1. Tell me the mean residue ellipticity at 222 nm calculated for the chain from its helices only (DSSP H runs of n ≥ 4, each -39500 (n - 2.57), averaged over every residue, nearest 500).
2. When only C-alpha pairs under 8 Å and at least 6 residues apart count, what is the relative contact order of the range 4-236, in percent?
3. Which residues make up the longest stretch of the chain that has no chymotrypsin sites (Phe, Trp or Tyr not before Pro) in a DSSP loop with at most 13 other Cβ atoms within 10 Å?
4. Can you sort 242, 234 so the residue with the fewest Cβ neighbours within 10 Å comes first?
5. Which one, 233, 133, 68, has the greatest fluctuation when you compute a Gaussian network model over the chain with C-alpha springs under 10 angstrom?
6. Of 232, 50, 125, how do they rank once you tally other Cβ atoms within 10 Å and put the fewest first?
7. Taking the Cβ-Cβ separation of residue 57 and residue 252 as r and a Förster radius of 45 Å, what is the calculated FRET efficiency to the nearest 0.05?
8. Of (1) 113; (2) 144; (3) 132, which is the value of volume of the Cα convex hull per residue in Å³ derived from the coordinates here?
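Nothing in this text is a laboratory measurement; each read-out follows from the coordinates by a stated rule. Keep in mind that what you see is a predicted model, and the values were worked out from it rather than measured. Backbone-built Cβ (ideal geometry, glycine too); neighbour counts: all protein chains shown.
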Amino acid sequence: MKEGLSVRGLRAGYRNKNVLNAVSFEAPRGKVTALLGPNGSGKSTLLKSILGLVPSEGEMILDGAGLRDLSPLERAQSIAYVPQRSLLTARLSVAEVVELGRFAHRGPFALRSQSDHVAVEEAMITTEVYALRDRVFTELSGGERQRVLLARALATGAKTLLLDEPTSALDVRQVLRIHQVLRRLAEGGCCVLVVLHGLGEARQNADRAVLLSEGRVCQMGAVDKVLQREIIREVYGVELVEGGTLSFTLPEVTS
């Protein structure tokens with residue numbers, strides 16, 4: 001696969017203890033790939049390894065080029081990250097938070113260019129937070145903050161997005177809005193790799209899934225192929241009940 005992210009034989013961990021063992025998978029462009037697995041299976045470590053934040057061994061290839069050959073700045077321009085929650089405490093406006101994504105293209109003290117302005121505006125429009133641009137980030141709701149963090153990632157201009165549980169603790173409407181944006185980004189040619197806990201959420205919103213268990217990939221492919229009863233029983237120790245969960249959709253907007 002040339003278009004998208006390809007990982008081969010990845011090993012990574014902390015303090016000489018491996019968390020990931022020979023992990024291999026693909027996340028193609030134009031698709032939403034869900035990263036699934038029980039707590040402690042290595043999902044967050046995998047994202048951090050791709051970002052270069054955790055020591056690792058193995059191949060990581062993006063669009064045919066090795067990630068290890070990129071400088072930290074080049075990697076930041078190629079891959080954007082959305083954390084599960086923000087540690088920001090400063091009273092920055094939404095627009096100022098989104099503009100932080102432009103530091104991958106200019107120094108923190110450089111003057112804002114026209115291209116920076118356009119990137120920030122477009123990111124806020126895409127994530128539907130433009131109306132919040134003058135609000136203080138720390139005073140927003142959880143769902144609003146997550147969309148702002150996604151806007152900050154988009155402002156980098158990166159076409160590969162890594163998201164670590166972006167919908168955790170959000171109400172159902174905010175979850176749907178986040179996935180609506182991710183779907184549009186994938187359809188626009190982005191590579192989207194998103195950590196999810198909810199298996200029903202993954203089935204409803206993702207195209208592909210990579211299922212981790214104890215630091216290894218135990219299944220990957222189309223979501224329906226991965227979320228099989230026998231596989232779920234083995235990995236999670238629970239029985240999959242078909243049709244046992246509710247499904248939701250956003251209402252159509254009428255003029």
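1. Values: 9 runs with 84 residues, N = 255.
Using -39500 (n - 2.57) per qualifying helix, the result is -9500 deg cm²/dmol.
2. On the way: 450 pairs, mean separation 70.6, N = 233.
Computed value for the range 4-236: 30 percent relative contact order.
3. Working: sites that count: 109, 248.
Result for the longest clean stretch: 110-247.
4. Details: 242 6, 234 12.
Going from least to most buried by this count: 242, 234.
5. Of 233, 133, 68, the Gaussian network model singles out 233 as fluctuating most.
6. Numbers: 232 18, 50 24, 125 14.
With the sparsest Cβ surroundings first, the list reads 125, 232, 50.
7. Values: r = 49 Å, r/R0 = 1.09.
Step by step, r from the Cβ atoms, then E = 0.40.
8. It is the one labelled (2).
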